[in-house]
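Here the structure is laid out as structure tokens; the discussion comes afterwards.
The values are calculated or read from the model by the stated rules, or taken from the named source; none is laboratory data. The model shown is predicted, which means the values in this text are computed figures rather than measured ones. Heads up, the Cβs are rebuilt from the backbone with ideal geometry, glycines too, and the neighbour counts pull from every protein chain shown. Areas reflect the complete protein model, heavy atoms only, side chains present, ligands, DNA and RNA absent. Shrake-Rupley method; radii C 1.70, N 1.55, O 1.52, S 1.80 Å.
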Amino acid sequence: MSVKRKGNSTVTIFPDWCKGCGICAAFCPAKVMELNDQGKAVVVREEECINCGFCELHCPDFAIMVRPKVDDEIPAVCRAVLEKAARKTDGPAASGDAAKKAASGKQKG
Amino acid sequence: MVDMKGTQLIHEYLRHNKKFPHVFCAGCGHGIVLGSLIRSIHGLGLSKDEVCVVAGIGCSGRLAAYVDFNTVHTTHGRALTFATGIKMAKPNMHVIVVMGDGDSMAIGGNHLIHAARRNIGVTALILNNNIYGMTGGQCSPTTPAGSFSMTTPLGQMEQSFDCVELCSAAKANYVARGTVFHVKKLDKMIMDGISNPGFGVVEILTPCHTQYGRKNKYRTPVDMYKMLKKDVIDIDRYEKLSEADKAKKVPSGVFVQKDDSGLEEKFYQMAAKCQGGA
């Protein structure tokens, strides 16, 4: 029952899981994603998303989640992945390289 | 778990303790097949306990480790033999075999044609990437003539196997070819393959840009997906092309669909008959 209209969906990228293959950025009909300087996908024009589902179906790493905006609740499994990434960003224990990567994905995404 | 779709759904079926992201290269189609397999099983409404995923050796062999079904990781080329045993012992189990092209058509070629001849009720997903990806890019039985690989640096001279024709000739019940670019169609094919009785084969064209692409002028994963988008067309459209155009394109779709009963059904009927008669 997804309505294909602009600005009705949220695109989430799990920065830890993205390997930067560039499929989403190359084929997205609304050009929502771009690759950042780390080579990973980030959401730049979320309001343009028409909820076609291409990126979700074609992401080989299951790193993209497109949800309707009204649906606030993130399922527990996905939340765990996001929280892990956030911990890496915030925690002082996180090693420099991984933390930087996670941070850059987070800020732009 | 009723109303989920997309990535949320896939995450529910993954074994999150198995070190994600998975081991496949960036842009490898195997991940898309994994997602498609999970969506198909969810779409058919099967529970996790009703499904057994058997995988052989190769890149595709890792697929079985990531999904939360009954899974078996078997020896090279023998995935179908293990699956035959499982299906005969547990005829109500939906046995899905995930094999690469080397696994299914080189070392396991014998098992593939005999599983098709026996019409045992398993579903084989053949992930055809035209190369032995894991071991360093040697040419495989499906490397197209004229293309380059690590062991054929001047071009492959041998002909390649056509998986669909091979399995159709060996009398498989369901034969289809899909690609990882046309995912919705692939979902449908895998669902049909699982629900159809008897032996089902779904050949899935998946790109390996690391080993195959960079030696054949597809430098990035995106180039390989564009190639799939351009070259693979529906079988109805393929039939209408001239002979010269047919050589450049690859047909996809459902090639054979029969509903003959599988070997395990015949076996259990025979067993019941013998027990009843004694």
Subject >> Largest-first ordering by accessible area, 1.4 Å probe, given options A:Arg67, B:Arg219 >> reply: B:Arg219, A:Arg67
Original post:
Counting alpha carbon pairs within less than 8 Å and at least 6 residues apart, what relative contact order, in whole percent, applies to region B:94-196?
Top reply: 24 percent
Original post:
If you find the alpha carbon centre of region A:37-62 and of region B:72-127, how far apart are they in angstrom?
Top reply: 35 Å
Original post:
Looking at B:Asn119, B:Leu263, A:Ala80, which one has the Cα that reaches farthest to the positive end of the dipole of the protein assembly as shown (charges on Cβ: Lys, Arg +1; Asp, Glu -1)?
Top reply: A:Ala80
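At a Förster radius of 30 Å, what calculated FRET efficiency corresponds to the Cβ-Cβ distance of A:Glu48 and B:Val23, to the nearest 0.05?
Values: r = 33 Å, r/R0 = 1.11.
Efficiency for this residue pair is about 0.35.
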Original post:
By how many degrees, 0 to 90 and rounded to 10, does the Cα axis of helix B:30-43 deviate from the longest principal axis of chain B?
Top reply: 30 degrees
Original post:
What is the distance, in nm, between label points placed 7 Å from the Cα along the Cα-to-Cβ direction at B:Met270 and at A:Arg87?
Top reply: 5.6 nm
Subject >> Full-stretch length increase - B:Ala169, B:Asp234 - with 0.36 nm per residue and alpha-carbon distance subtracted >> reply: 21.3 nm
**OP:** Please name whichever of B:His182, B:Gly155, B:Tyr238 sits farthest to the positive end of the charge dipole of region B:154-278, dipole taken about the Cα centre and charges placed at Cβ: Lys and Arg +1, Asp and Glu -1.
**Re:** B:Gly155
Original post:
Can you work out the FRET efficiency for the pair A:Arg79 and B:Arg214, with r the C-beta to C-beta distance and R0 = 35 Å, to the nearest 0.05?
Top reply: 0.40
Original post:
Helix B:263-277 versus the longest principal axis of chain B: what angle, 0 to 90°, nearest 10, using Cα atoms?
Top reply: 10 degrees
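In debye to the nearest 20, how big a dipole does chain B give about its Cα centre with +1 on each Lys and Arg Cβ and -1 on each Asp and Glu Cβ?
500 debye
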Subject >> Relative contact order [Cα under 8 Å, 6+ residues apart], chain B, whole percent >> reply: 17 percent
Original post:
Which ³J(HN,Hα) values in Hz, rounded to whole numbers, follow from the phi angles of region B:228-233 under the Karplus curve 6.51 cos²θ - 1.76 cosθ + 1.60, where θ = phi - 60° and Gly and Pro get x?
Top reply: 4, 5, 7, 8, 9, 10
Original post:
Where in region B:102-122 does the amide nitrogen come within less than 16 Å of the point 7 Å from the Cα of B:Thr151, taken along Cα to Cβ?
Top reply: B:102-109
Original post:
For A:Asn8, which sequence-distant residues (separation of 5 or more, or a different chain) have an amide H within less than 5 Å of its own amide H, given hydrogens modelled in the peptide plane?
Top reply: none
Subject >> Relative contact order for region B:42-159, counting Cα pairs under 8 Å that sit 6 or more residues apart, in percent >> reply: 21 percent
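Tally Lys and Arg at +1 and Asp and Glu at -1 over the other residues with C-beta under 12 Å from the C-beta of B:Ala55: what net charge comes out? Before the final figure, lay out the partial values.
Values: positive: B:Arg62, B:Arg78; negative: B:Asp103.
Overall, the nearby charge balance is +1.
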Original post:
For the protein assembly as shown, what is the accessible area per residue in Å², given a 1.4 Å probe and the full set of protein chains?
Top reply: 46 Å²
**OP:** Would you mind pulling out the separation of the Cα centroids of region B:163-232 and region B:1-46, in Å?
**Re:** 18 Å
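Per DSSP helix of 4 or more residues, -39500 (n - 2.57); summed, then divided by the residues of chain B. What does that give at 222 nm, rounded to the nearest 500? Walk me through the numbers before you get to the answer.
Details: 11 runs with 102 residues, N = 278.
The per-residue figure over chain B is -10500 deg cm²/dmol.
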